[in-house]
Amino acid sequence: MTNTDTRGPSLDGQAEGSGEIEIFRHSARLIHRIVRLNTNGLTQADSLIQPQPAGNCLNWVVGHLVCIYQHVLPMLEQWPVLKASALQRYDRCSLPIKDSAEACDLSELLSAWDESAARVDAGLISLRSKALDGPAPFSPTGNPDETVRSLLNTILFHQAYHAGQTGILRRIAGKDGAMV
């Protein structure tokens with residue numbers, strides 16, 4: 001009988017499911033990179049340009065990405081990067097930023113984004129495969145059967161969706177596309 005499992009062992013010795021954790025890590029790293037490429041060279045003023053006829057500015061999107069990772073960090077046994085009150089303006093269902101006084105500085109948000117991404121990666125590295133089937137601490141979709149696995153999948157899809165928006169918002173700010 002031949003072994004048809006092509007996942008192989010991970011670097012940290014995890015067996016079953018470790019390939020899945022590596023996929024989560026890879027996705028998170030790609031998302032981080034795309035956001036950084038799309039925000040490279042943008043100013044605070046660029047980040048506050050509102051898409052028309054409606055939508056959220058790049059400043060809100062970056063703050064929202066950080067805010068969502070903040071919600072996930074405790075599940076990954078990592079400390080939040082910022083106080084929850086600092087990101088309340090960027091939480092789920094918050095209104096678009098219309099007043100620049102409500103916005104955090106883009107450079108501070110990007111620093112928090114970098115640190116949040118590093119902590120997500122550190123948390124995923126230490127996550128054990130068997131934890132994926134455990135109950136999630138919350139469910140953005142209201143799923144009473146939400147698992148850590150399904151929550152991570154939803155969060156990474158969410159982050160990728162908004163990372164894509166940063167490319168469009170870069171163009172709206174009058175900059176060349178960052179992806180080549």
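The values are calculated or read from the model by the stated rules, or taken from the named source; none is laboratory data. Because the structure is a prediction, the values reported are computed rather than measured. We place every Cβ from the backbone using ideal geometry, glycine too, and count neighbours over all the protein chains shown.
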Exercise for the section: Could you identify the single residue in Ala136, Ala160, Ala122 that is modelled with pLDDT of 95 or more, under 14 Å from Ile21 (Cβ atoms), surrounded by 14 or more Cβ atoms within 10 Å (Cβ to Cβ) and among the small types (Gly, Ala, Ser)? Expected result: Ala122
Fill in the blank from the handout: Residues of segment 30-58 being assigned to a helix (DSSP H, G or I) and farther than 14 Å from Gly164 by Cα, in sequence order, are Gln44, Ala45, Asp46, Ser47
Fill in the blank from the handout: In segment 139-151, anything touching a residue at least 24 places away in the same chain (Cβ under 8 Å) and part of a loop (DSSP other than H, G, I, E, B) is listed as Pro140
Practice task
Would you point out the residue of segment 60-96, among those that are surrounded by 12 or more Cβ atoms within 10 Å (Cβ to Cβ) and polar (S, T, N, Q), that is modelled with the lowest pLDDT?
Solution key: Ser94
Handout entry: Number of positions in segment 97-113 that are loosely packed, with under 14 Cβ neighbours inside 10 Å and in contact (Cβ under 8 Å) with a residue 24 or more places away in the chain
Key = 4
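Which of the residues that make up segment 120-138 are among the hydrophobic types (A, V, I, L, M, F, W, C) and free of Cβ contacts under 8 Å to residues at least 40 places away in the same chain?
Ala131, the sole residue that qualifies.
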